[in-house]
Amino acid sequence: MKILITAGCTKEKIDGVRSITTIPSIELGQKLVSSALKKNHEVIFVASSLITDKEIVENKNFKQLLVTDFKSTHDCLQKLFTLNKIDAVIQTMAISDFVVSGFINKDDIYEIKNNNDFKKLIKQNPNKISSNNDILISMTKTPKILSMFKKWNPETKVVGFKLLVNAIDSEIKAAITKQKNDSNVDYIVFNDLKNITDTKHIAHLYFKDDLENYISFYKTKKEIADGLIKTLERKN
């Protein structure tokens with residue numbers, strides 16, 4: 001199989017020296033890469049930082065690409081789907097739900113009476129925003145890249161991740177159902193931040209046709225990586 005794996009985070013610039021970022025690392029992504037390469041699959045790794053492990057980097061079946069923000073991630077992934085037949089994609093990357101569209105000095109908000117006033121007052125600064133005034137940052141919602149994979153290639157198997165914090169059963173069910181309906185994924189890996197530490201990573205794998213019952217249970221990142229590759233092999 002040719003497997004596309006995303007990992008890490010995106011950074012959206014506020015100005016030339018500040019940015020808003022998501023928090024995940026590439027650790028799980030790297031374990032997925034290692035598991036896939038050990039089974040002789042071809043792997044394309046798209047992430048916010050590069051893998052340096054010599055054994056992985058020198059593998060002839062491995063290619064990695066560096067991205068930074070939402071736009072570079074979207075453009076990179078779209079191009080990969082255009083140039084390659086991707087059999088499966090595993091998206092562990094925390095891609096920003098918002099991009100910064102500008103800022104407004106806090107004192108100026110009292111002048112806003114309608115949307116046109118807002119557009120006139122919003123500012124952008126590619127260098128450095130002055131620290132003399134309080135500011136309000138304006139952010140624009142981004143489209144979900146996870147939902148684009150099936151549009152780019154309906155035959156690609158898609159694995160999405162859903163992270164919640166201290167979730168109860170009803171919240172879990174609602175979240176994974178929404179991801180399935182919104183993004184047309186084949187598999188969903190649910191995890192809760194309270195169950196992720198340096199030594200453990202508890203997760204449940206759900207198949208799109210049965211969201212009532214999980215099909216696999218994992219206790220560590222390595223178990224997640226090995227389990228997902230085996231699942232994709234069985235379904236291809």
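The values are calculated or read from the model by the stated rules, or taken from the named source; none is laboratory data. Here the structure is a predicted model, which means the values were calculated and not measured. When we count neighbours, we look across all protein chains shown, and the Cβ atoms used for this are built from the backbone with ideal geometry, even at glycine.
For region 192-205, state whether one or more residues are at pLDDT below 95, buried (at least 17 other Cβ atoms within 10 Å of the Cβ) and under 16 Å from the mean Cα position of the chain (by Cα).
yes
Can you tell me how many residues in region 176-224 are in a helix (DSSP H, G or I) and either over 21 Å from residue 37 (Cβ atoms) or in contact with a Gly (Cβ under 9 Å, 6 or more places away or on another chain) (or both)?
Total satisfying the criteria: 8.
So the check is Cβ under 6 Å with 6+ separation or different chains; which pairs have a first residue in region 155-182 that's free of Cβ contacts under 8 Å to residues at least 60 places away in the same chain and a second one that's of a type in the set (A, V, I, L, M) and buried (at least 20 other Cβ atoms within 10 Å of the Cβ)?
Once the first residue is free of Cβ contacts under 8 Å to residues at least 60 places away in the same chain and sits in region 155-182, its partners that are of a type in the set (A, V, I, L, M) and buried (at least 20 other Cβ atoms within 10 Å of the Cβ) give 162/176; 162/188; 176/188; 179/188.
Determine whether region 112-133 contains at least one residue that is touching a strand residue (DSSP E or B) at 6+ places or on another chain (Cβ under 7 Å), over 28 Å from residue 88 (Cβ atoms), modelled with pLDDT under 90 and among the basic types (Lys, Arg).
Scanning region 112-133, I find at least one residue that is touching a strand residue (DSSP E or B) at 6+ places or on another chain (Cβ under 7 Å), over 28 Å from residue 88 (Cβ atoms), modelled with pLDDT under 90 and among the basic types (Lys, Arg), so the answer is yes.
How many residues does region 165-174 hold that are surrounded by 15 or more Cβ atoms within 10 Å (Cβ to Cβ) and over 18 Å from residue 216 (Cα atoms)?
The total comes to 1.
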